[in-house]
Amino acid sequence: MLSSKSVGRLAPSPTGAQHLGNARTYLLAWLSARAAGGRVVLRIEDIDSPRVKSWAAEQAVADLRWLGLDWDEGPDIGGPHAPYIQSQRIGRYEAALQQLIQLDLAYPCTCTRKDVEAAASAPHETRLNSAAGAAAEPTDGPMYGGHCAAWHRGDPLPEPETFCWRFRAPDRVLEIDDGICGRVELNPAKQLGDFPLTRKSGQAAYQLAVVVDDAWMGVTEVVRGDDLLPSVFRQLPLIDALQLPRPRYIHVPLVRGPDGRRLAKRHGDTRLSQYRQAGVTAEQIVGWAAHSIGLSDEPRPVRPVELIDRFAWSRVRRAETSVDAQGVQPLFSV
């Protein structure tokens, strides 16, 4: 069990509605913190601006409350680490970026996505060496070939909004002891490549924002889907360069459709809002999630608070869950 100083976080991205897979991951993150007597922070990760939906943040908060999850800090209740919405934290990301530039660990890159794809000699997929045999999904696009990496601090900058800032990925093997996947190793330079810290607009990219936010908010434990396992090896070099504390990582199995791909609209309507409208109770959703991950023997309705005493990571199944959710009725009787 973790110490009472454990701080977990719920970090929905308002790019769409929250679904069954999201609910199960949030439940595990919440249970881990609460079972350790720790705190929970709610953060809205809304810097993915082209995909952000205006209604989605409010609905995510409503969905989490409906499930029976609570938090000690967040955009709706405030707290000592406000603001809790990423788009309101731009200054902190800029300060961290300037540190990395001064360390010559960041450089301007004018390449377009098409340039990167054209330069890649073959499709790229990350292979992780995991003691638990965790299977990672392909990385987000081809690996960057380093076309602009010759720039160094003091060289002239390209014209504004023609470049993003990229991080120089370290050419050495990094290792973590993940709470589910066990020991995982990866060489960021050889297996991921240099990655964006900003967009060409200057807006912070996901990797930089998450590292800054977790450190500022005192997060000690990051629980998220195992599709994000490769992101650890982008975030660890940033954490070390910025001299920030490393959190503990726990990458949990995803909920997937019958085709083996992570749960999405193509597998039917698994939005929490849709279940609620159809008369499914939050306790039914939580009961299904607890049973599917190994915390209960049967999918009976239960409240999250009732699971705290029985929660332990040693009980959580390592295998992924597959559901054929063509609408509401196949999973829940209403």
For Asn22, net neighbour charge (Lys/Arg +1, Asp/Glu -1) across residues whose Cβ lies under 10 Å away: +1
Per-residue [θ]222 nm for the chain (sum of -39500 (n - 2.57) over DSSP H runs n ≥ 4, rounded to 500): -8000 deg cm²/dmol
Rounded to whole Hz, the Karplus (6.51, -1.76, 1.60) HN-Hα couplings of the range 26-32, x for glycine and proline: 4, 4, 5, 4, 5, 4, 4
The range 178-334: radius of gyration over Cα atoms, expressed as a fraction of 2.2 N^0.38 Å: 1.23
The chain - percent relative contact order, Cα under 8 Å, separation 6 or more: 19 percent
Backbone N within the range 46-72 under 13 Å of label point (7 Å from Ile85 Cα along the Cβ vector): 46-47, 53-61
Dimensions (Å) - the range 1-44, Cα atoms, principal axes, largest first: 34, 18, 8
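Hey, how much of the P(r) for the chain falls beyond 26 Å, as a percent of Cα pairs? It would help to have the intermediate numbers written out before the result.
Details: 27761 of 55611 pairs.
So the pairs more than 26 Å apart make up 50 percent of the total in the chain.
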Cα shape, the range 220-281, gyration tensor, a/c 1.5 rule: prolate
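What's the extension gain from Arg315 to Leu174 if we count 0.36 nm per residue and subtract their Cα-Cα distance?
Numbers: separation 141, 0.36 × 141 = 50.76 nm, distance 2.76 nm.
Contour length minus the Cα-Cα distance gives 48.0 nm.
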Contour minus Cα-Cα distance for Asp269 and Asp240 (0.36 nm per residue): 6.3 nm
Contour minus Cα-Cα distance for Lys190 and Ser49 (0.36 nm per residue): 47.8 nm
Cysteines (scope the chain) whose Cβ has no counterpart Cys Cβ under 4.7 Å: Cys111, Cys164, Cys181
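Is the shape of the range 1-95 rounded, prolate or oblate, going by the alpha carbon gyration tensor and its root eigenvalues a ≥ b ≥ c, with a/c under 1.5 for rounded and a/b larger than b/c for prolate? The partial results should precede the final answer.
Numbers: a/c = 2.04, a/b = 1.24, b/c = 1.65.
Since a/c reaches 1.5 but b/c is at least a/b, the shape of the range 1-95 is classed as oblate.
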Two-site FRET efficiency, Ala118 against Ala149, from Cβ-Cβ distance with R₀ of 22 Å, rounded to 0.05: 0.80
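Quick note: the coordinates plus some simple rules give every number you see, no bench work behind them. Note that the structure is a prediction, hence the values are computed from the model and not measured. All Cβ positions, glycine included, derive from the backbone under ideal geometry; neighbour counts span all protein chains shown.
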